[in-house]
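Undergrad: Structure provided below as structure tokens; questions to follow.
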Amino acid sequence: MGIRSDRWIREMAMKGMIEPFFERQVTKGVISYGLSSYGYDIRVSNEFRIFTNINNTIVDPKDFDPASFVNFKGSVCIIPPNSFALARSIEYFRIPRNVITICLGKSTYARCGIITNVTPFEPEWEGYVTLEISNTTPLPAKIYANEGIAQVLFFEADEACEVSYADKKGKYQAQKEITLPMVSK
């Protein structure tokens, strides 16, 4: 298994792995996005679900209360101190059967105490990425829509996996919007 280069990512993107796809990094006046040496910097859309404790609810991944979020759409999202928001990527991904990804937050945000968490994209997973963006600071934090938020690294295996995410009929397969936590029943 090895990390894949910009050449491989470009070839796979032309086959529909990443849509839309920028062949070069866009950097002028924005938090960068697009193809990099060994990864792809994804953008955050303008749709956010900002966590609120207005209902004084317990956070339970098995029974998550959607009322714990305030929906927001706009070019700049303000995340309250010591809180988080969910968002989605602009890019839609179709991961090949012999590939897994790791997604890491951009250093520009990390240096401001803003952490982006995304789980790996499993083999044959597809969809828009649901992003968790945490503001670890005691101050409000700005997130810029349509700009870079995280970098995806692609690892190609020597052989395809026996059971892919699609084979398992994964619960987050082909998600089109910000998807809240769920447990299969």
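The values are calculated or read from the model by the stated rules, or taken from the named source; none is laboratory data. Bear in mind that the values here come from a model prediction, so they are computed numbers and not experimental data. As a convention, Cβ positions derive from the backbone with ideal geometry for all residues, glycine included, and neighbour counts pool all protein chains shown.
Undergrad: Do the conditions hold for residue 61, that is, is it out of contact with any Leu (no Cβ under 8 Å at 6 or more places or on another chain) and surrounded by 15 or more Cβ atoms within 10 Å (Cβ to Cβ)?
TA: no
Undergrad: Residues being surrounded by 16 or more Cβ atoms within 10 Å (Cβ to Cβ), over 18 Å from residue 43 (Cα atoms) and of a type in the set (Gly, Ala, Ser): count how many of those fall in segment 147-185.
TA: 3
Undergrad: Restricted to segment 119-143, and to residues that are hydroxyl-bearing (Ser, Thr, Tyr) and farther than 17 Å from residue 51 by Cα, which residue is surrounded by the most Cβ atoms within 10 Å (Cβ to Cβ)?
TA: Taking the candidates together, the pick is 128.
Undergrad: Please find, among 48, 22, the residue that is assigned to a strand (DSSP E or B), modelled with pLDDT of 90 or more, out of contact with any Asp or Glu (no Cβ under 8 Å at 6 or more places or on another chain) and aromatic (Phe, Trp, Tyr).
TA: After applying the criteria, what remains is 48.
Undergrad: Any residue in segment 100-117 that is modelled with pLDDT under 95, of a type outside the set (Lys, Arg), touching a Gly at 6+ places or on another chain (Cβ under 8 Å) and closer than 28 Å to residue 183 by Cβ?
TA: Scanning segment 100-117, I find at least one residue that is modelled with pLDDT under 95, of a type outside the set (Lys, Arg), touching a Gly at 6+ places or on another chain (Cβ under 8 Å) and closer than 28 Å to residue 183 by Cβ, so the answer is yes.
Undergrad: I've got another one for you. Filter segment 144-172 down to residues that are under 14 Å from the mean Cα position of the chain (by Cα) and assigned to a loop (DSSP other than H, G, I, E, B) and give me whichever is nearest to residue 87 (Cα to Cα).
TA: Ranking the candidates gives 145 first.
Every residue, every condition in (1) over 12 Å from the mean Cα position of the chain (by Cα); (2) assigned to a loop (DSSP other than H, G, I, E, B); (3) free of Cβ contacts under 8 Å to residues at least 12 places away in the same chain, yes or no:
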residue: 41; (1), (2), (3): no, no, no
residue: 44; (1), (2), (3): no, no, no
residue: 55; (1), (2), (3): yes, yes, no
residue: 103; (1), (2), (3): no, no, no
residue: 116; (1), (2), (3): no, no, no
residue: 132; (1), (2), (3): no, no, no
residue: 142; (1), (2), (3): yes, no, no
